[in-house]
Amino acid sequence: MARRSSPAYDAAVSEPATPTAAPGRLSPEDVALIHETAARLQANVERVIVGKTDIVRLVLVALLCEGHILLEDVPGTGKTTLARSIARSLGCSFRRIQFTPDLMPADITGINYYNQKLGEFAFREGPLLSQVVLADEINRATPRTQAALLEAMEERQLTVEGVTLVLPRPFLVIATQNPVELEGTFPLPEAQLDRFLLRLKLGYPDERDEDEILFRFERRSPLDDLHPVVEATELVRLAQALGRLHVDPGVRRYCVLLARETRNDVAFELGASPRASLALFRAARARAAIEGRDYVLPDDVKTMAPHVLAHRLILSTQARLRGRDVGEILADVIRRVPVPVEE
């Protein structure tokens, strides 16, 4: 369990736990169920994904928040395998979209076509009408096709020729980018980056983990033997219940102060938006529930802040010329903002 950041939280833990939740609060049974469900999902995914416990846990945070993930890493680090493992563990429908410059919006949303046998128009679903969507190399598609994702990611619906289609739940977009090969790519606009709850990097495994990967995949892929451990409907129910988890007003204000401090820092041309502070608030709440707590600590906020805020910030020209890094400046911001302490 994370270290408490104020005496008030230490005192709260020492008090005897109440058997039932206050009216409108998340019950202890639901907290225990979220913790147990996350543990089952993590154990199942880690039968395939080796040595990435923290990354898998962050993906579970996104699932509980019903948020989307941007994976930035070189090819071959397991981005597709991670997405497929999550989909199979939930028993969700999964589609992979390979983004290319000639990909059109209708290729991912679907089209209406004339069925000659029936003598009428019919709708052919696109791959976005799935529960887990892997948008592979999203920055290789043109801005027009990238924009087709915006409505789906934010509103969880599609509009095709004036007809609105509600997307299934849960709905998770895992988009990938190759940070090395940028020729022929179209950088994601700030509006679309802001729709991703988290930006993660898998990184290369260490020597022991890489050897374990070779051993597990020696004869066949363990992904073939992966079975659902949680119903998708149960995950949606837990995500809805998460809104009742208690957040102290001081911790909620801490999320606001972190976001506002990025707007005041001269190193940033563009600071975190109100959508970013809301995403940080929700992610911290989900992390607390996954850890088995019915309250949020400042440590939850500090842990989630780099993954939630960094991709939403734009460096100033001076900061770029000086070779400064977004993560480095954000770490300074987190150290500057005082942690809430209750007297």
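The values are calculated or read from the model by the stated rules, or taken from the named source; none is laboratory data. What you are looking at is a predicted structure, and each value in this text was computed from that prediction instead of being measured. Here Cβ is always computed from backbone atoms with ideal geometry, including for glycine, and neighbour counts include all displayed protein chains.
Tabulated results
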| read-out | value |
| --- | --- |
| Which listed residue, of 202, 182, 223, 167, is closer than 27 Å to residue 109 by Cα and modelled with pLDDT of 85 or more | 167 |
| Pick from region 261-295, criterion of a type in the set (S, T, N, Q) and part of a helix (DSSP H, G or I), ranking: farthest from residue 41 (Cα to Cα) | 264 |
| Pairs where the first residue, in region 296-320, is within 16 Å of residue 274 (Cβ to Cβ) and in a loop (DSSP other than H, G, I, E, B) and the second is acidic (Asp, Glu) and modelled with pLDDT of 95 or more, C-beta under 8 Å, 6+ apart | none |
| Only listed residue being within 18 Å of residue 63 (Cβ to Cβ), modelled with pLDDT of 90 or more and over 18 Å from the mean Cα position of the chain (by Cα), chosen from 173, 229, 256 | 229 |
| Residue in region 96-116 that is within 29 Å of residue 211 (Cβ to Cβ) and either out of contact with any strand residue (DSSP E or B) (no Cβ under 8 Å at 6 or more places or on another chain) or surrounded by fewer than 23 Cβ atoms within 10 Å (Cβ to Cβ) (or both) present | yes |
| Residue match in region 132-155 (condition: in contact with a Cys (Cβ under 8 Å, 6 or more places away or on another chain) and at pLDDT 85 or above) | yes |
| Matching option when the condition is in contact (Cβ under 8 Å) with a residue 60 or more places away in the chain and of a type outside the set (Lys, Arg), among 292, 243, 271 | 292 |
| Every residue from region 186-207 that is free of Cβ contacts under 8 Å to residues at least 40 places away in the same chain and basic (Lys, Arg) | none |
| Tally, over region 44-80, of residues that are without any contact (Cβ under 8 Å) to a residue 24 or more places away in the chain and part of a helix (DSSP H, G or I) | 2 |
| Set 159, 142, 77: member being hydroxyl-bearing (Ser, Thr, Tyr), under 26 Å from residue 279 (Cα atoms) and either surrounded by fewer than 18 Cβ atoms within 10 Å (Cβ to Cβ) or in contact with a His (Cβ under 6 Å, 6 or more places away or on another chain) (or both) | 159 |
| Answer from 187, 179 - the residue that is in contact with an Asp or Glu (Cβ under 7 Å, 6 or more places away or on another chain), of a type outside the set (Ser, Thr, Tyr) and loosely packed, with under 14 Cβ neighbours inside 10 Å | 179 |
| Residue match in region 105-118 (condition: among the charged types (D, E, K, R) and modelled with pLDDT under 85) | yes |
| Residue in region 144-160 that is without any contact (Cβ under 8 Å) to a residue 24 or more places away in the chain, of a type outside the set (Ser, Thr, Tyr) and touching a helix residue (DSSP H, G or I) at 6+ places or on another chain (Cβ under 7 Å) present | yes |
| Counted residues, region 248-267 - those being surrounded by fewer than 18 Cβ atoms within 10 Å (Cβ to Cβ) and among the β-branched types (Val, Ile, Thr) | 2 |
| Qualifying residue in region 209-224 (condition: of a type in the set (Ser, Thr, Tyr) and under 23 Å from the mean Cα position of the chain (by Cα)) | no |
| Within region 231-247, considering residues that are of a type in the set (D, E, K, R) and assigned to a helix (DSSP H, G or I), the one surrounded by the most Cβ atoms within 10 Å (Cβ to Cβ) | 244 |
| Some residue of region 329-339 being in a helix (DSSP H, G or I), touching a strand residue (DSSP E or B) at 6+ places or on another chain (Cβ under 9 Å) and over 24 Å from residue 70 (Cβ atoms) | no |
| Some residue of region 314-326 being closer than 28 Å to residue 249 by Cβ and of a type outside the set (Phe, Trp, Tyr) | no |
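Table: residues versus (1) basic (Lys, Arg); (2) modelled with pLDDT of 85 or more; (3) over 17 Å from residue 224 (Cα atoms).
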| position | (1), (2), (3) |
| --- | --- |
| 58 | no, yes, yes |
| 65 | no, yes, yes |
| 75 | no, no, yes |
| 81 | no, yes, no |
| 86 | no, yes, no |
| 103 | no, yes, yes |
